[in-house]
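First the structure, in the form of structure tokens, and then the observations on it.
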Amino acid sequence: MPADEDVLEERATGTRDLYDIATWEPRTVLDRLAVGLYRLGTLVFRALVVLLGLAIIVVQFVLGGIGATFAESPIAIALVAFSVIPALALAAYIYTSDVTTGEPAELLVGTFSLGVLLAGFAAVANSTLSAVGAIPAVGVVLFFYLVVGPVEESVKLLAVRIYAYRDDRFDAVVDGAVYGAAAGLGFATIENALYISRQLGMGTESVALVPVAIFGVSLEQVIGQGGGITAVRALAGPGHVIYSAFAGYYLGLAKFNREHFGPIVLKGLLIAAFIHGTYNVTAQVALGRLPGLFPDVPPFAFFLGFVLLYDGLFGYVLLRKLSRYRGVYRALDTSDADEQAAATLSPERTEFEE
């Protein structure tokens, strides 16, 4: 373990002023200038990240057809809203599972909005690295495990890290899961909007441009337009909430264990990316063979059953983790209350007692 103090600071034990020798705090004009520039730099960086994400989203709305589809077919907005209901319900349940103080609305809304805005980075990265999927035999598997999973989970975690994480009201490990779920909900919302608008507004040709095939054929071929794509996206949305809630929980754990910050955050990302990648690989590759074996069963039935089992399993694991936190929290509350009651009931000594 690296030392927290320089050897001089350890030996001086507060008897000497070690400013600018072995310790540091802002004292001079130059010191305060350095602090100000650092804070300005981090603020500008975060602003640039958000603005770039916003620019990508605007391009998707204008050139990707989302805006035109919404303008021409207002029903698309309703379909998007319906498609996120399951993810919203799961995120709300995770919110209610937070046994500590409730999270403020502005942080939740801000994190959700960042999940929407920063999703554009994932779209760009996935498109840029899509050639990985063309590698014979293993390309699709590598693409989902090494590109889609890590990229999308990192983007969602960034939505938590650059805003809610920095707030003092992010004051418990479990808060990370709540904000991670909010970021996942935002990501799922814009992703659903993209898929639904392309399906409704441009037909089969545009859908083929988006890697959302199931069982080796496009969604239009599987379940048709409109309600069908909404149903598929409604099933896909909760997964984003689950994955990013896992990563967010470990970000919260890292915030209060700073000596192991990097490894803890990486552990959370690895868990989230693996669950995410396995979901995609199974839906894209493994389930693709079932319709050939069972031609009388609708392909969507396989997908529905898989999603319910898969999300149910990892949703249960996530909720068990939150339940363990809640159990310890309440046990400590009970212990503190018992100690306080015992102290209150203890008889006071009188002048007649020795």
State all residues of region 83-120 that are surrounded by fewer than 16 Cβ atoms within 10 Å (Cβ to Cβ) and either of a type in the set (Gly, Ala, Ser) or assigned to a helix (DSSP H, G or I) (or both); if no residue qualifies, say none. ILE85, ALA89, ALA92, TYR93, THR96, GLY102, ALA105, GLU106, VAL109
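Hey, does region 309-318 have a residue that's farther than 30 Å from PRO291 by Cβ, at pLDDT 65 or above and surrounded by 13 or more Cβ atoms within 10 Å (Cβ to Cβ)? Write out each step before concluding.
First, pick out the residues of region 309-318 that are farther than 30 Å from PRO291 by Cβ: 318.
Now narrow it down to the ones that are at pLDDT 65 or above: 318.
Checking which are surrounded by 13 or more Cβ atoms within 10 Å (Cβ to Cβ) leaves us with 318.
Checked against the condition, which is being farther than 30 Å from PRO291 by Cβ, at pLDDT 65 or above and surrounded by 13 or more Cβ atoms within 10 Å (Cβ to Cβ), region 309-318 yields at least one hit.
Condition check ((1) under 18 Å from SER154 (Cβ atoms); (2) modelled with pLDDT of 95 or more) across all residues:
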position: PHE61; (1), (2): no, no
position: ILE66; (1), (2): no, no
position: LEU79; (1), (2): no, no
position: PHE82; (1), (2): no, no
position: ALA91; (1), (2): no, yes
position: ASP98; (1), (2): no, no
position: GLY102; (1), (2): no, no
position: VAL132; (1), (2): yes, no
Evaluate region 46-55: report whether one residue or more is touching a helix residue (DSSP H, G or I) at 6+ places or on another chain (Cβ under 7 Å) and over 16 Å from ALA159 (Cα atoms). no
Just a yes or no: is a residue in region 22-33 surrounded by 11 or more Cβ atoms within 10 Å (Cβ to Cβ) and farther than 28 Å from TYR163 by Cα? yes
Find the residue count for region 255-273, including only residues that are in a helix (DSSP H, G or I), more than 21 Å from GLY312 (Cα to Cα) and without any contact (Cβ under 8 Å) to a residue 40 or more places away in the chain. 8
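Residue-by-condition table, conditions (1) part of a helix (DSSP H, G or I); (2) in contact with a His (Cβ under 7 Å, 6 or more places away or on another chain); (3) within 20 Å of PHE314 (Cβ to Cβ):
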position	(1), (2), (3)
ALA137	no, no, no
PHE143	yes, no, no
GLY184	yes, yes, yes
ALA188	yes, yes, yes
Regarding region 251-262, can at least one residue be identified that is modelled with pLDDT of 95 or more, touching a Lys or Arg at 6+ places or on another chain (Cβ under 8 Å) and crowded, with 22+ Cβ neighbours inside 10 Å? yes
Within the set of pairs 6 or more residues apart or between chains, which connect a residue that is in a loop (DSSP other than H, G, I, E, B) inside region 274-301 to a residue that is surrounded by 17 or more Cβ atoms within 10 Å (Cβ to Cβ) with Cβ atoms less than 9 Å apart? PHE294/PHE302; VAL297/LEU290; VAL297/PRO291; PRO298/VAL222; PRO298/ILE223; PRO298/PRO291
Of all residues in region 145-172, which are outside any helix (DSSP H, G or I) and surrounded by 20 or more Cβ atoms within 10 Å (Cβ to Cβ)? TYR163, PHE170
Could you run through region 53-82 and say how many residues are in a helix (DSSP H, G or I), exposed (fewer than 15 other Cβ atoms within 10 Å of the Cβ) and not aliphatic (A, V, I, L, M)? 1
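The values are calculated or read from the model by the stated rules, or taken from the named source; none is laboratory data. A quick note: this is a predicted structure, and the numbers were derived from the prediction, not measured. All Cβ positions, even for glycine, are placed from backbone atoms using ideal geometry, and neighbour counts span all protein chains on display.
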